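Student: Quick one: the structure is below, questions incoming.
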Amino acid sequence: GYTILNDVSARDGLAAIRVPDTEPVVTVGTMMMGKHFPSFCPLGPVIATPDEIPDWRRMHIVTTLNDTVMQDAYTDDLIFGIPALIEEFSQFYTFEPGDVMSTGSPPGVGMARKPPVFMKPGDEVAITVDGIGTLRNPVAA
């Protein structure tokens, strides 16, 4: 099935443990990218079955921060398609019913913007995907 996963990152929660012999300097924090906090992977609002999604390659994804569009892409813009991801991950993981796999994020993440855009308490992130609906998440401290 298909659903929405809000891949939250807290850039201010990054550990600064340097990885030896990396150039440019890589830290454990930049590899983990602040993704390890409780409530940082909301899913929903539904799981659409494959028969409800006519073509996974043309699902429109729009992410807004306080009603400002931050990401606007289609699933065929992904670097790796869903079948390729399943094939690749299946070499290392045994998938079981209920497992979730994330495809990654479209261009437009706040940290990569010039100037960077960071969420703050009171903000709202909304992700809308064709055929699935809208996942809304408030930002809290």
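The values are calculated or read from the model by the stated rules, or taken from the named source; none is laboratory data. Nothing here was measured: the structure is a model prediction, and the numbers come from that model. Remember, those area values only see protein heavy atoms, side chains included, never the ligands or the DNA or RNA. Shrake-Rupley method; radii C 1.70, N 1.55, O 1.52, S 1.80 Å.
Student: Given H placed on each backbone N at 1.01 Å, which residues far from I4 in sequence or on other chains put an amide H within less than 5 Å of it?
Tutor: G44, V46
Student: Remind me, relative contact order of the range 59-107 in percent, using alpha carbon pairs under 8 angstrom and six or more residues apart?
Tutor: Over the range 59-107, the number comes to 35 percent.
Student: At 1.4 Å probe size, put V46, V62 in order of accessible surface, largest to smallest.
Tutor: The ordering from most to least exposed comes out as V46, V62.
Student: Another question, then. Just by accessible area at a 1.4 angstrom probe, what is the order of Y2, Y93, Y74 from largest to smallest? Each step should come with its number before you reach the end.
Tutor: Working: Y2 45, Y93 140, Y74 75 Å².
Most to least solvent-accessible, the answer reads Y93, Y74, Y2.
Student: Which far-off residues, 5 or more places away or on another chain, put their amide H under 5 Å from the one on Q71, with H placed in the peptide plane?
Tutor: T63
Student: A further question follows. 5 Å is the cut-off here: which amide hydrogens, built 1.01 Å from N in the peptide plane, fall below it relative to F118, excluding neighbours closer than 5 in sequence?
Tutor: Distant-sequence amide H within range of F118: zero hits.
Student: Further question on the same structure: Pulled fully out, how much extra length does the chain show between F92 and M111, if you take 0.36 nm times their separation in residues and subtract their Cα-Cα distance?
Tutor: Working: separation 19, 0.36 × 19 = 6.84 nm, distance 3.04 nm.
Roughly 3.8 nm would be gained on extension.
Student: Moving to a separate point now. If you rank M70, M119 by how much accessible surface each has, with a 1.4 Å probe, what is the order from largest down?
Tutor: On the way: M70 30, M119 90 Å².
Largest to smallest exposure gives the sequence M119, M70.
Student: For the range 61-76, just list the computed ³J(HN,Hα) in residue order, Karplus coefficients 6.51, -1.76 and 1.60, θ = phi - 60°, integers in Hz, with x standing in for Gly and Pro.
Tutor: Per residue, the Karplus-derived 3J(HN,Hα) values read 10, 10, 10, 10, 10, 6, 6, 9, 5, 9, 9, 8, 8, 10, 5, 6 Hz.
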